[in-house]
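Working notes, beginning with the structure itself.
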Amino acid sequence: MTKRKRVPSARAACALAALCCTLAACDGDPITPRSSLVPVDSLLAEPIELVANPSGRAPLTALATVRTREAAVVELRLLGGDSLGYAVPGPATEHVLPVLGLHPARENLVEVRVENARGEYGLDTLSVATGPAPDFLPHIDILTADRAAMEPGWNLASFSLGVGATFRSYPFMFDAEGKVRWYLDLSALPGMVYMVERLRNGNLVFGFDASVYEYDLLGREVGRWDFPGYVFHHDVVEKPDGNFLVAVTKQGTGTIEDHVIELDRATGRIAREWDLRKVLDVDRRVPPGFADWFHMNSVWFDARDNSLILSGRHQGVVKVSAENELVWILAPHVGWGGAGIDGTGPETSGRLLTAVDATGTAYPEGAQLGGVPVQGFDWPWAQHAAMVLPNGNLFLFDNGEQRNFAPAPLYSRGVEYAIDEQKRTVRQVWEYGKERGTDYYSAIVSDVDYLPKTGNRLIVPGIVFGSSHRAHVTEVAHPSGRVVFDARLSFKNLRSSGVFEWGEFDLLYRAERLAPYPAAN
């Protein structure tokens, strides 16, 4: 329902009272105020238009169109709750503005402030009604929320609903109180959209099938790039030059999830391709001929040397150059031989990182091989979301599946490693999650992020199987390890009874903290 309704504004009354006080000051001498309240209609060329859910995909959004008689600056503010606001950066006679963060199942009030170059401003309050959020979204419990220590913003959750053998994706945002404030209905795409993340321009990017999509937060498609001959899987990232790096399967090769392509954002052409089979041992730890030998689940562009850091769930984390040369391997030292489908390529074992302690001393052979746990270090196991921190260290989500090549212990963690490429060593410098044991163990999916304003870490086990299947979005202060925010997302749509069957359960693929309006980042 779209509705325009003039509502008396308390802010307008206060502003008028303040203006009268100013004019009566200084022993009755007239004072020209910097801003003066006038009827808003005197500034408008036509009534303000407010359209709810303009794309049909984002029900907690609206689009405001403000046309003024002369160039003006416009501010929007959603009243109630956190009074989310948005200010236009410069004057114009027409403003088409997103309204984000509407509360579900409510008559939402949106205040519009219009001010011209002479300081004359008017206020209008409009209303827009919303329906309830989908009842299949997770139930959100906020276990911890230390507002003073938290990174500002909301939590964007890449949520997928299990519908039997496949998924439908409904990414959503929730605030620090656990209230859903935005969601996007991507159910028209028949399968899982693996990740929805923000681009530098404030829009969202994700991949599906043989395409990368760019949407704005109103749910409108802004761009689409197709790459026939390949199939998207798990990750797409934006390079500093605007191009996309996409994790893909190259069709017709006999293997899957082991290629990366660079998409030229301007032309849509494939600018470069990386084939991991040329630099890694395809037969390591899997039966010969196993198609999903690497299972790439994250791509990171390292601008320091134009290299790629790639997470392969079935192998480890590797770094390759822009020319697809192997730089290093972060993984247990077991089974590494010649690269290539037939093992006749370059030897890979010489690129393994040696695990060292704080003094630089190498751990014993059993630890290097991954079968013997040691204090202060462990390799990543079935990891996800490898990224480089501002300090140059590597940060990732260590799922922990088959840790030490054994069925136990079961725990997941966010873990930070310092890598010395010259000495070819790796040292573990920080971790969180091990202390939470099986209650924090996610064998699949999951995410970590660095939060730039606080330096905190966001750690996201994407599905914890148990008596109640759930995910967590946890913000941890660094380096203290103190939890400053923890949300438990309890899934409602478990079709199986705890048995791992694809599409029979809900999951959270990734999550990140962001300000809903890009200008507020």
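The values are calculated or read from the model by the stated rules, or taken from the named source; none is laboratory data. Treat the numbers as computed from the prediction; the structure is a model and nothing was measured. Every residue, glycine among them, receives a Cβ derived from its backbone with ideal geometry; neighbour counts consider all protein chains shown. Just the protein is used for accessible areas: all its heavy atoms, side chains included, with ligands, DNA and RNA removed. Shrake-Rupley method; radii C 1.70, N 1.55, O 1.52, S 1.80 Å.
May I ask you to verify whether VAL128 is more than 30 Å from LEU458 (Cα to Cα), free of Cβ contacts under 8 Å to residues at least 40 places away in the same chain and outside any loop (DSSP other than H, G, I, E, B)? Criteria not met by VAL128.
Only a single criterion out of (1) assigned to a strand (DSSP E or B); (2) in contact with a Gly (Cβ under 7 Å, 6 or more places away or on another chain); (3) small (Gly, Ala, Ser) is not satisfied by ALA58, namely (1).
Here PRO134 passes the criteria (1) without any contact (Cβ under 8 Å) to a residue 60 or more places away in the chain; (2) touching a strand residue (DSSP E or B) at 6+ places or on another chain (Cβ under 6 Å); (3) within 21 Å of GLY462 (Cβ to Cβ) except the one numbered (2). Counting only residues that are crowded, with 18+ Cβ neighbours inside 10 Å, in contact with a His (Cβ under 8 Å, 6 or more places away or on another chain) and among the β-branched types (Val, Ile, Thr), region 42-66 holds 1 of them. Among the residues of region 389-403, the ones that are open to solvent by less than 20 Å² (accessible area, probe 1.4 Å) and of a type outside the set (Phe, Trp, Tyr) come to 7 in all. Residues in region 472-513 that are at pLDDT below 95 and in a strand (DSSP E or B): LEU507 only. Selection of strands (runs of 3 or more DSSP E) fully inside region 179-228 by the criterion of at least 1 residues being touching a Gly at 6+ places or on another chain (Cβ under 7 Å) and among the basic types (Lys, Arg) returns 180-183.
Does GLY207 satisfy being closer than 16 Å to SER158 by Cβ and out of contact with any strand residue (DSSP E or B) (no Cβ under 8 Å at 6 or more places or on another chain)? Spelling it out, it is not the case that GLY207 is closer than 16 Å to SER158 by Cβ and out of contact with any strand residue (DSSP E or B) (no Cβ under 8 Å at 6 or more places or on another chain). Here are some residues: SER468, SER480. Which one is open to solvent by 10 Å² or more (accessible area, probe 1.4 Å) and over 30 Å from VAL372 (Cβ atoms)? Answer to the selection: SER468. Taking the criterion of being under 16 Å from ASP486 (Cα atoms) and surrounded by 16 or more Cβ atoms within 10 Å (Cβ to Cβ), the residues of region 417-438 that qualify are TYR432, GLY433, LYS434, ARG436. Spot the failing condition for GLY80; the list is (1) open to solvent by 20 Å² or more (accessible area, probe 1.4 Å); (2) within 22 Å of ASP216 (Cα to Cα); (3) not hydroxyl-bearing (Ser, Thr, Tyr), and only one is missed. Status for GLY80: all satisfied but (2). Cβ-Cβ contacts under 7 Å between residues 6 or more apart (or on different chains), taken from a first residue in region 171-195 that is more than 11 Å from ASN155 (Cα to Cα) and open to solvent by 10 Å² or more (accessible area, probe 1.4 Å) to a second residue that is basic (Lys, Arg) and part of a strand (DSSP E or B), are listed as SER187/ARG168. Based on this model, can you work out whether ALA355 counts as part of a loop (DSSP other than H, G, I, E, B), among the small types (Gly, Ala, Ser) and either closer than 17 Å to THR255 by Cβ or at pLDDT 95 or above (or both)? No; evaluated as a whole, the condition is false for this residue.
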